[in-house]
Structures are given as structure tokens and as C-alpha cells.
Amino acid sequence: MKVAVIGTGYVGLVTGTCLAESGNDLACVDNNAAKIDMLNGGGLPIYEPGLQELVARNRKEGRLTFTTDLTAAVQSARLIFIAVGTPQSDQGDADLGAVWAVTKAIAAALKSLPPGPAGSRVVVTKSTVPVGTNAAVAKILAEHGCPHVDVASNPEFLKEGAAIEDFMKPDRVVVGVRQPEVGEVLRELYAPFLRTERPFLTMTPESAEMTKYAANAMLATKISFINEMANLCDRVGADINDVRRGIGHDQRIGFQFLFPGPGYGGSCFPKDIRAILGMGRRVQLPLDLMQAVDDVNESQKQVLAQKIIAHFGPDLAGKTFAVWGLAFKPRTDDIREAPALVLIDRLLAAGAAVRTHDPEAMANVKAIYGDKISYSDRPYGALEGADALVIVTEWPEFRNPDFEVMKRLLKSPVIFDGRNIYDQKAMESHGFEYYAIGRGQR
Ligand code: NAD
């Protein structure tokens, strides 16, 4: 099938590449010419495990192209995916500026083409958008000369760091359509990914839009829940790791998204929770639980700094902190809303120097902080002369380091572990002062 994907970011690039891998003819479009040049030169603008090989193979076999020419890509496509960003607006809800701009550009490209039967040309919204957006996209298309173009909602549930796997083997595919014929086109497109009896769920566009927000709301709620329990454990002398296991084995609860940490970040949960709050505001419905999830998370981003200050005192002038892990989670270079950035700001404001290491995200962090902090290619390099190590993201390579080398490099053997990756007793026997999250110390 001929497919165009507009927006070649984390979601668009993965979607386009995986659809090409299953034999479709893909044109990936972006208005960022530097990004398209990089992709056409064989580079990748993002880090995502396994993506490089797939992009290279599908480009070589001629199924995957990158362009800034939206008009040409859209005119020859049967399916046109919108995968542009929907970041948080100044008011807190979703900024749909890019979605509207792309919808109008699609209409301008298609209006002169002859109409076909239902399902012959479909604009599919993959971006996460508030309820009502697909209806508005259909209205804009109609008003701009394309009443014959169909619209579908197809929210994306992939997670960065495992995006290829998630796209190739989704738990389910959700599609919001008004005509069954349009649903059938998407069922055909997704059939290769659903061969293990995974469900293809069709519903109205409104329900599909809401499904995406409800999924992220549930996951963010689990994280804020376990973080609140961890903070209570710290105060009352319980160990969240035991508690986590104690509840995770309960099949009604499960283990996923029950790891305490320095707050969730990334490009989705924070903005999507605020977009839900925005939807509630618009219909005068206070969403107290979602507000609490957001509030707990904002406080949680301060938890590592609070532990550091409790140990070293409020004035950190002359102190140096090594920070391991800058991306909002392992296996991505995405630093949007990353807790590490909140920590770095707080350390700098208190007069400390910061030495960082991250396997993939350092270039993105450097673009923000420049020479205000230092960057080390290797984890141990960041430790040299530091008063303490702070672990913010649990990259696998941090799990089994040489603790003797670490002790030699650090000025004092102090670790603040925001992800509970080490065993507390083992750390004490190695001679570290070890602070974790919810393990019974303030
Ligand atoms: P991103 O910022 O990585 O990518 C968006 C891309 O759209 C950028 O490359 C940008 O240059 C391009 N773009 C913006 N305006 C454009 C225009 N007018 N014409 C052409 N291209 C344009 O964003 P992302 O993380 O890929 O997210 C995209 C959408 O998918 C968002 O709505 C997000 O909420 C949703 N989503 C993201 C994830 C995730 O893990 N990142 C998961 C599921 C859903």
C-alpha cells in the first residue's frame, strides 16, 4: 500500500519504517529540512534500538523515502498518517498547531484530485490528540475542498526504547472510524503485525482518542502511586522494594509501572496528563485524581535534590556531583521533561558543579546546558573528583559497575540512587553511604 507519514520524529519514523518493513511503499515527510537531509545521508536524528538497521534495509530496497515535499507524498498515497508533535501549550493543554497546519497542507494537495469510493484516501491521526480533534480534522478537510477524503484515528501505544518491538508486536491496534470500509483498509495494513491473534479494535474516533489518554493516565497513575508509597516508606522505615514485590504478585495489580523513581518524564505522560486536565476544564469537570497524579510527579522530581541537601546541607558551593543517566528513561536519547534536567538545575542553583554521563542523550543535554556542566563519554570519567554520584536513569551498563574503582574515583563514597538499582546491604559492605528511593531513609 502507498503510505505517507507526516512528521518524522520518534513515532513517525518508527511507524514509517515498520510499515515499510512489512512491504508497504512509504514516504516519510518532515518540514525540518536538516532532519530529512540527515536521514537521506544515512544518519538518524534519534536513537532507538534496532532502528538504524531497519531504516538502512528499507531505504536500500526502495520502500522507504524521506522528503520535505508533503504535496507529492500525499498525492500518491492511499493512507496519510499525521504523526507530528502535540506538545503542551502555554495554557497547559495540547498544542494542535502542527496538526492543523498539516491538515490544511494535505487538503491543498488533495483538493484537485478526483474523489474515489470510501477508503480510497484516508487521513489517519496517529498523534495523541484531545477528543474531538478527528472530527475537527474532517471538518477542515471538507472546508478546504476535500469532503471526499476519509478520516481515521489510530493512536500509537509504542514506548521509546522498545518502539520497534512495540510497533511490530502491539498488544492491540485501536482504530476510530465512522465507516466500516475505512476500518477495513487499516485492518489490511496492520494484519501482518497482528498474526498472533492480537486484537484489532474499531470504535468511534472519539473513543479512540480517549483510549490513548486513558492508557497514559492509568500508567502515570501507577507511577505516582508507587512514588507516593515510596515516600511514605522512607518516613516510616518500610522498604518499597519489599512492598512492591508484595503487591506486584497480586495479579489484580501486577508489576508493570510499579518502580519508584525520581518522577516520570518524557514527551508523553506529563503533557498528556495536562491535556486531560485541559479537557476536563473545558467541560467544567474537575479531575481530582489526574491533578493529584501531576502534583505528586512534580514533587517527586525534587526527591533526589532533597536527599542530597539532607546529606550535604543546602549550600552546595564547591561540591561536585556526578550524574549518571540523563534521558528520561533507558534506551532513548529523549530528554523531554527528563527528571535529570530538574536535578541539574537545582544543583547548579545551589552552587554545585555537575559532571554527567549518558550513553545516548549527552548531545541533546549539551544543546541546553553547553559548558555550564561537563560531559564524560564513559561512566567512570564522570566520577573523577565528585563528592557523590547521583543515578537518575537506569541504563543497563550502570547495574554492575566496579565499586572499588568507583570508590577510588569519588572524593567521598556517597551514592544517591534514584532507581534503586543496587542492593542496599551490598553497598554498605562496599563502604558506600547509599541513599535510594523508599528504602527506609529520608
Ligand atoms: P517528535 O517531536 O519526535 O516528532 C514530531 C515531528 O513532526 C518532528 O520531526 C517535527 O519536525 C515534525 N513536524 C512538526 N510540524 C510539522 C509540519 N507542519 N509538517 C511536517 N512535519 C512537522 O514527536 P513524537 O515523540 O514522535 O510524537 C508525535 C506524536 O505521537 C505526539 O502527539 C505524541 O504525543 C504521540 N506519541 C508519542 C510517543 C512517544 O513515545 N514519543 C508514543 C505514542 C504517541
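The values are calculated or read from the model by the stated rules, or taken from the named source; none is laboratory data. The shown structure was predicted, so the numbers you read here are calculated from the model rather than taken from an experiment. Cβ sites come from the backbone with ideal geometry, for glycine too, and all protein chains shown count toward neighbours. The area values use the complete protein model at the heavy-atom level, side chains included, leaving out ligands, DNA and RNA. Shrake-Rupley method; radii C 1.70, N 1.55, O 1.52, S 1.80 Å.
Looking at this structure, is residue 65 β-branched (Val, Ile, Thr), touching a strand residue (DSSP E or B) at 6+ places or on another chain (Cβ under 6 Å), at pLDDT 95 or above and away from the ligand (no atom under 14 Å from the Cβ)? Full working, then the answer.
Values: β-branched (Val, Ile, Thr): yes; touching a strand residue (DSSP E or B) at 6+ places or on another chain (Cβ under 6 Å): yes; at pLDDT 95 or above: yes; away from the ligand (no atom under 14 Å from the Cβ): yes.
Spelling it out, residue 65 is indeed β-branched (Val, Ile, Thr), touching a strand residue (DSSP E or B) at 6+ places or on another chain (Cβ under 6 Å), at pLDDT 95 or above and away from the ligand (no atom under 14 Å from the Cβ).
For segment 25-40, how many residues meet the condition of being crowded, with 20+ Cβ neighbours inside 10 Å and either assigned to a loop (DSSP other than H, G, I, E, B) or touching a Phe, Trp or Tyr at 6+ places or on another chain (Cβ under 7 Å) (or both)?
Counting residues in segment 25-40 that are crowded, with 20+ Cβ neighbours inside 10 Å and either assigned to a loop (DSSP other than H, G, I, E, B) or touching a Phe, Trp or Tyr at 6+ places or on another chain (Cβ under 7 Å) (or both) gives 4.
Checking residue 90 against (1) surrounded by fewer than 24 Cβ atoms within 10 Å (Cβ to Cβ); (2) under 30 Å from residue 264 (Cβ atoms); (3) within 16 Å of the ligand (Cβ to nearest atom), which test does it fail?
Failed condition: (3).
Could you list, in sequence order, all residues of segment 93-103 that are touching a helix residue (DSSP H, G or I) at 6+ places or on another chain (Cβ under 8 Å) and within 10 Å of the ligand (Cβ to nearest atom)? Even if it seems obvious, please write down each step before you answer.
First pass over segment 93-103, keeping only residues touching a helix residue (DSSP H, G or I) at 6+ places or on another chain (Cβ under 8 Å): 93-94, 96, 99-100, 102-103.
Selection gives 94, 96, 99, 100, 102, 103.
Hey, could you check segment 64-101 for residues that are of a type in the set (A, V, I, L, M) and farther than 19 Å from residue 19 by Cβ and say which is nearest to the chain's Cα centre (by Cα)?
Start the filter on segment 64-101 by keeping residues that are of a type in the set (A, V, I, L, M), which leaves 64, 70, 72-74, 77, 79-80, 82-84, 94, 96, 98-99, 101.
Those left that are additionally farther than 19 Å from residue 19 by Cβ: 94, 96, 98-99, 101.
Working: 94: 15, 96: 18, 98: 18, 99: 19, 101: 23 Å.
Within segment 64-101, the match that is nearest to the chain's Cα centre (by Cα) is 94.
Would you point out the residue of segment 277-312, among those that are over 22 Å from residue 93 (Cα atoms) and touching a helix residue (DSSP H, G or I) at 6+ places or on another chain (Cβ under 8 Å), that is surrounded by the fewest Cβ atoms within 10 Å (Cβ to Cβ)?
Of everything passing the filter in segment 277-312, 302 is surrounded by the fewest Cβ atoms within 10 Å (Cβ to Cβ).
For segment 52-82, how many residues are farther than 13 Å from residue 106 by Cα and part of a helix (DSSP H, G or I)?
So the count comes out to 9.
Enumerate the helices (runs of 4 or more DSSP H) found wholly within segment 151-243, keeping only those where 3 or more residues are without any contact (Cβ under 8 Å) to a residue 60 or more places away in the chain.
Helices (runs of 4 or more DSSP H) meeting the threshold: 180-190, 205-236.
Out of all the residues in segment 110-121, is one or more assigned to a helix (DSSP H, G or I) and away from the ligand (no atom under 15 Å from the Cβ)?
yes
Determine whether residue 17 is assigned to a strand (DSSP E or B) and either within 9 Å of the ligand (Cβ to nearest atom) or surrounded by 14 or more Cβ atoms within 10 Å (Cβ to Cβ) (or both).
Numbers: assigned to a strand (DSSP E or B): no; either within 9 Å of the ligand (Cβ to nearest atom) or surrounded by 14 or more Cβ atoms within 10 Å (Cβ to Cβ) (or both): yes.
In short, no.
Take the conditions touching a residue at least 24 places away in the same chain (Cβ under 8 Å) and away from the ligand (no atom under 13 Å from the Cβ) and apply them to residue 78. Does it pass?
yes
Here is a list: 43, 97, 119, 62. Which entry is open to solvent by less than 60 Å² (accessible area, probe 1.4 Å), touching a residue at least 40 places away in the same chain (Cβ under 8 Å) and assigned by TED's automatic domain parsing to the domain that holds residue 161?
119
Step by step: first the residues of segment 265-276, then only those that are open to solvent by 10 Å² or more (accessible area, probe 1.4 Å) and at pLDDT 95 or above, then the one that is nearest to the ligand (Cβ to nearest atom). Which residue is that?
268
When the residues of segment 128-150 are filtered to those that are assigned to a loop (DSSP other than H, G, I, E, B) and surrounded by 16 or more Cβ atoms within 10 Å (Cβ to Cβ), which remaining residue is farthest from the ligand (Cβ to nearest atom)?
148
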